[in-house]
Each structure stands twice: as structure tokens, then as C-alpha cells.
Amino acid sequence: MDMKKKLFIGGEWVEGSSYKDLLSPYDREVVAQIPSATEKETEQAVVSAFKARKELGKLPAHQRAEILDNVSRLLEERREEAARLISQEAAKPIQTARTEVARSIMTYKFASEEARRIKNEMINMDAAPGGEGRIAYAVREPAGVVAAITPFNFPMNLVAHKLGPAIAAGNPVILKPASQTPLSAYFIAEIFEKAGLPKGALNVITGKGSVVGEKLVTDDRISVITFTGSPEVGIALRNKAGLKKMTLELGSNSAVIIDEGVNVEEIADRLVLGSFAYQGQVCISLQRIFVHESLKQEVIDAMKKRTDRLIFGHPLDEATDISALISEDDCSRVLSWIDEAKDRGAEVVCGGTREGNGVLPTILADVPTDSSVSCEEVFGPVVHINSFSDWDQAIIEVNSSDYGLQAGVFTNDMKKAFQAAEDLEVGGVLINDIPTFRVDHMPYGGVKKSGFGREGIKYAIEEMTELKLVSFKK
């Protein structure tokens, strides 16, 4: 791997004026040197994307589809290299990184398919008095330059969820990846370059949010902002963005309700996966479990047994289940939140301690629901188990959150399942599954502090296009 990366602007690889060392979250070794874009280079990226918008917008749908199909195929050919990159820069266990690459390949395939079927529609004008003698149709046109600001936790697939629909719809993109995970973004830029994307249609720039992000959000030549990250940053961006179209994916503290009569042994593996996959650094990580009091101890025992078997280690080790958290600060924060819950009477079932640059998978029981590990987004390997006696109360507990991304419900009672589907204040309800489930073509997004707008290629294309009416009078 070339240790020194370059900015990707206007189809060219451009030397940065200054560089920063990228350190492995696991052992703090230098992985690469990353350029920091100044305002000048950010301006070049904006100019280049703005210039490319006409050419890309006029590119026939089948050609845009073919480029995205090429991306999917080229990524398939280099899938192991891609997985190792993710693993190195994000401390994602290699098995989990391979799953992310497989999903990214599928996301670009979906984008290729959706490019061919962007929906235009006929309007029956004579449905209204005065509309007689007119033929009209509505077409979806590219909205313009898209600024994509992506997080560290899925550095390849969450990038795909922004680049895929943007290119499918004919919009040029400026991508600002998270500062800890730029390698995946530069890797995908190489692939787009080989796939035949017109110069300037994709620009990748790394640097400080206060320099790069600030310019992208305030520049009038940018039409769409798509951001995944923290609510604080998302809200600040929205307040500066003016009339730009925005999609904000801002996190969660996802919950699951487990009804009486559910077979705990059948669901325990899913619960542990949802709680601790990628160290809990997943927007829809399972953080809150509300279980009927008759099953509480059984759920605790079943989850503890499986959690105790998880192996902490180097992300590139095939046996590793759990590795380092993304930063030293996150380790300290997660441990302080666990201590706060403990001080307020929560029981530590397992974990709660530090290992290297990580926190061991932690199960807490009987957590006060106004403590940080319950009402904030932990973004670490922590889950709590609380009991309920009344179904309606469990739904109230889940809804008491400031967030509303996804929720899971395990029940054998259809009436309760439909009630939960109707009453839960979230963007997605998963019946008989954990909230940590996502496939890449489903509508995905939240309510409340979890943001607004939807991802999932077809739905993201709607967010990145403008509807134009054309009417002919006979």
C-alpha cells in the first residue's frame, strides 16, 4: 500500500500542502500519511464538481448504470484488499470487514439497477376542472452537486450509500470521509476512476471539518448535503445549510422488546451480535433490552454465556470478534458511562473493563433509564437488560428515547406485533429480529434526534433529485 495518499480532485491525484499521520486505533502504529485539504483545494473540488454536473446529468441512464456496475465488479476483484484496508484504519475485525465489503458490492449493484429505473410519471391533468386538453408528465432531474460527509464506522458501505445514488441520479459528488477512515474513500476513488466515471464527477478530499465541511455546507454551488454522524454536528450543519436538500442520519440508542413466551435460546445469538458487532460502533447497535420479567434471568444467562466466548484481539486476526474502539477518548467515555450506571445501582453482568485500546463487551442489568448508557448513544460494546411486566409499558420505555432509528420486537402474539409496529416511534420496526438488521435496498432512516430523510438506493435517489413538471396544451 502506498503510504502517502493524495487528494482526488477533477479526476487527478493532487499532492496535499500538509500531511497527517493516520494511526491504527488498535496499536497506534502509523498506517498512512493523509493530506489535509485547505480552503483552496476544497474550492478546486467544488469548481470541478460544479463543472462536471452538466456532462454527468446528460449521461444516459444506461451509461451511469454501467459505470456503477463496473465499480461493483472491480470491488469484487479486490474484495480482500478492501477488507484489510477497513480493518487497518477502523480496527474492524477482518471477518466483519469482509461482510462490509460484500455489502458495498451489493449496494453498488443496487445503484446500477436503480439508475435504469428512476421513476418519471404521467399526470392525469383532466382530473381537475380546467385541466382538459392537456398532457403532462413529471420527470426526476439531478439536484446538482452532492456533498457527502461520512463516518468512520462503515467507511466503505456508508460511502457507497451516498456515492451510489448520487451517481445513479446524475449528480457529481464531493466526498469528505471521516478523518480516521480516509483509505477506503481513496480506494473507492481509484475504482471509480477505472470504472469510467467522467473527470470531476467524484472528488475526495480529507481535512478538518472546520475547513472542508464548513465550506461544503455553506457554498451555494452545492445543492445536496448527505451526512451520517453525530446529532450535534448534524444539527449544526443543518443550521448553516440554507435551502440545500439534506439527508441526516444521526444515530440512536436502539432497543428491543422481548415478550413472554419467546424462546430465548433461539434469539440469544442475534442479541449478542446486535449488541457487540464491531464493538457496538454501529448506528443501530442494540443498546437497550426490555424483557418480560418471566424471562429476564434467562436472557441474562444466555447472553452472558455467549459474550464470555467472544475473543478480543488484533483486527486482522481471523479469530478476533472484538477489537479496539476508534479512539482513546471513546474508551474513557464508555468506561465512565458504565461507572455512572454502576454507581446508580446497575449490576455489571460481564465486561466493564478495559483491554488495550478497547472495552470488553459489557452487559448491564437494571440500569436507570435516565443514565447515559440508556438515554445517550453509547457507540461502544455496552448493552443493558431491564425487565417489564406490562407490554404497553415496554413500548413507552422504548419511545422515551430522544432517538428513533430502528427497534426490534420479539413476540409470538400477532396482536402485540401489530401494536408495536404502529406505536413505536422509529423509522423501522423489526418484528422477531434485532434492530441491528439492515439490507441495502430497504428504506433506512430515523425520526426525532435520529435525523430525517431516507437512505436505501431508491429512496436516496428521491432525496437527490428534483421533480420537474412538463405540461403540453393541445
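The values are calculated or read from the model by the stated rules, or taken from the named source; none is laboratory data. Just so it is clear, the structure is predicted and the values come from calculations on it, not from any experiment. Cβ placement follows ideal geometry from the backbone for every residue including glycine, while neighbour counts extend to all protein chains displayed.
A few points about this structure:
- Scan of segment 414-445 for residues that are under 16 Å from residue 267 (Cα atoms) and acidic (Asp, Glu), ordered by number: 433
- Selection of first residues in segment 260-278 that are within 18 Å of residue 308 (Cβ to Cβ) and of second residues that are part of a loop (DSSP other than H, G, I, E, B), restricted to Cβ pairs under 6 Å at least 6 apart or on distinct chains, gives the following pairs, ordered by first then second residue: 270/434; 274/286; 274/434; 274/436; 275/286; 276/361; 276/381.
- Lone unmet requirement of (1) aliphatic (A, V, I, L, M); (2) part of a loop (DSSP other than H, G, I, E, B); (3) closer than 19 Å to residue 158 by Cα for residue 277: (2)
- Qualifying positions in segment 221-279 - in the same structural domain as residue 98 (by TED's automatic domain parsing) and among the basic types (Lys, Arg): 221, 238, 240, 244, 245
- Selected residue (criterion: nearest to residue 281 (Cα to Cα)) from residues of segment 420-452 that are buried (at least 23 other Cβ atoms within 10 Å of the Cβ) and polar (S, T, N, Q): 436
- Condition check for residue 257: assigned to a strand (DSSP E or B), of a type in the set (A, V, I, L, M, F, W, C) and out of contact with any Lys or Arg (no Cβ under 7 Å at 6 or more places or on another chain): yes
- Extreme residue, surrounded by the fewest Cβ atoms within 10 Å (Cβ to Cβ), among residues of segment 223-279 that are touching a Gly at 6+ places or on another chain (Cβ under 7 Å) and farther than 26 Å from residue 164 by Cα: 256
- Any hit, segment 391-400, residues being surrounded by fewer than 24 Cβ atoms within 10 Å (Cβ to Cβ), under 18 Å from residue 432 (Cα atoms) and touching a helix residue (DSSP H, G or I) at 6+ places or on another chain (Cβ under 8 Å): yes
- Of the candidates 455, 466, the single residue that is touching a residue at least 40 places away in the same chain (Cβ under 8 Å), within 26 Å of the chain's Cα centre (by Cα) and surrounded by fewer than 17 Cβ atoms within 10 Å (Cβ to Cβ) is 466.
- Conditions (1) of a type outside the set (Val, Ile, Thr); (2) out of contact with any Cys (no Cβ under 8 Å at 6 or more places or on another chain); (3) crowded, with 16+ Cβ neighbours inside 10 Å; number of the one not met by residue 344: (3)
- In summary, no helices (runs of 4 or more DSSP H) completely within segment 1-90 bear 2 or more residues that are of a type in the set (Val, Ile, Thr) and at pLDDT below 95.
- Output for segment 126-165, where each listed residue is surrounded by fewer than 18 Cβ atoms within 10 Å (Cβ to Cβ) and either among the β-branched types (Val, Ile, Thr) or in contact (Cβ under 8 Å) with a residue 24 or more places away in the chain (or both): 133, 134, 135, 136, 137, 138, 139, 141
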